[in-house]
Amino acid sequence: MQIKKHIPNIITLLNLFCGCIALVFVAEKDFEMAFFFVCLGIFLDFFDGFFARLFKVSGPLGLQLDSLADMVTSGVVPGFVMFWMLKQVQDPSSFNTILPYLGFIITLGSCYRLANFNIDTRQTDSFIGLPTPANTLFIISLPLVIKYSNSLVVFDILTNQWFLLAITLFSAYILNAEIPLFSLKIKDFTFKKNALQIVFLILCVLLLVFFQYLGIPLVIITYILLSVINNKFLKKKIV
């Protein structure tokens, strides 16, 4: 068997490896390094599919490996991040000592989405519900927003345990919501067919330049809102 046939699966396993390392850094509350390895894992997650198509070696094994790797990098990691965030802000004198563990609702929602994605034939060219990598970037950016933001309002909001719980529940919902989200794939080189993608990419650059880490969750929120507006404008329905 040729070595090139194993390259996509090796890349997938490297994604899993990055997720494992990210978990270690989350446990050590080094969210910068955790963020780096999550981003690296997501980057590898994109390229395993690219090389699978390039070498024409896609198959059921690659699909299962991809979901299992994503379950760690884009499932366990964000749940663990939210666990730590809730643990840091919980009131130890109150009854809600189990509150931090509710952060793993994100992990449960991610698991369900990944399993459903494997059997959902509607999501070949676009997404229904927020993809797990995008959700992970949203969640793992929050500790960095708290650390580097100069806004007391942002700090107060993101250190409120009930707001974090609301984010947790919304995250699990939006992962599995029956909401079509537009694909970021560029279909051709005409503006007309790619107007939405181009507008979104411009907004991404502006948000990241002006807001740094805060720009990451804003980008994800913008993606969802643009998709909802686009669906309403086109009256897009799920078949």
**Prompt:** Can you list the HN-Hα couplings for the stretch 104-110, worked out from phi with the Karplus curve (6.51, -1.76, 1.60; θ = phi - 60°), rounded to whole Hz and with x for Gly and Pro?
**Reply:** 6, 4, 4, 5, 5, x, 5
**Message:** Using Cα springs under 10 Å in a Gaussian network model of the chain, which residue among LEU164, LEU225, LEU137 shows the largest mean-square fluctuation?
**Reply:** LEU225
**Message:** If I take every Cα pair under 8 Å that is 6 or more residues apart in the stretch 3-178, average their sequence separation and divide by the length, what percent do I get for the relative contact order?
**Reply:** 24 percent
**Request:** Could you pull out every residue, at least 5 positions away or on a different chain, whose amide H is within less than 5 Å of the one on ILE128? Hs are placed 1.01 Å off N in the peptide plane, and Pro or chain starts have none.
**Result:** LEU181
**Prompt:** With contacts defined as alpha carbon pairs under 8 Å and 6 or more residues apart, what's the relative contact order of the stretch 99-239 in percent?
**Reply:** 32 percent
**Prompt:** Using a basic spin-label model with each label point 7 Å from the Cα along Cα→Cβ, how many nm lie between ASN230 and LEU63?
**Reply:** 2.5 nm
**Table column - 3J(HN,Hα) (Hz), the stretch 197-202, Karplus curve with 6.51, -1.76, 1.60, x for Gly and Pro** = 5, 5, 4, 5, 5, 5
**Message:** Assuming 0.36 nm per residue, please report the length gained on full extension of the stretch ARG122 to LEU208 beyond their Cα-Cα distance.
**Reply:** 27.8 nm
**Asked** Applying the Karplus parametrisation 6.51 cos²θ - 1.76 cosθ + 1.60 with θ = phi - 60° to the phi angles of the stretch 25-33, what ³J(HN,Hα) value in whole Hz is obtained for each residue in order, glycine and proline being reported as x?
**Response** 5, 5, 4, 8, 6, 9, 6, 5, 5
**Prompt:** Across the chain, how many lysine pairs, 8 or more apart or on two chains, come within less than 12 Å at their alpha-carbon atoms?
**Reply:** 5
**Asked** Based on DSSP H runs of at least 4 residues, each adding -39500 (n - 2.57), what is the mean residue ellipticity at 222 nm of the chain after dividing by all its residues, to the nearest 500 deg cm²/dmol?
**Response** -23500 deg cm²/dmol
**Fill in**
GNM on the chain, Cα springs under 10 Å; top mean-square fluctuation among CYS204, CYS111, CYS18 goes to CYS204
**Asked** Of SER141, LEU114, ILE179, whose Cα points farthest to the positive end of the dipole of the stretch 98-239 (charges on the beta-carbon: +1 Lys, Arg; -1 Asp, Glu; origin at the Cα centre)?
**Response** ILE179
**Request:** Mind giving me the FRET efficiency for ASN160 and ASP30? R0 is 25 Å, r the Cβ-Cβ distance, nearest 0.05 is fine.
**Result:** 0.60
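Readers should treat all values here as calculations from the given coordinates under stated rules, not as data from a laboratory. This is a predicted model, so every value here is computed, not measured. As a convention, Cβ positions derive from the backbone with ideal geometry for all residues, glycine included, and neighbour counts pool all protein chains shown.
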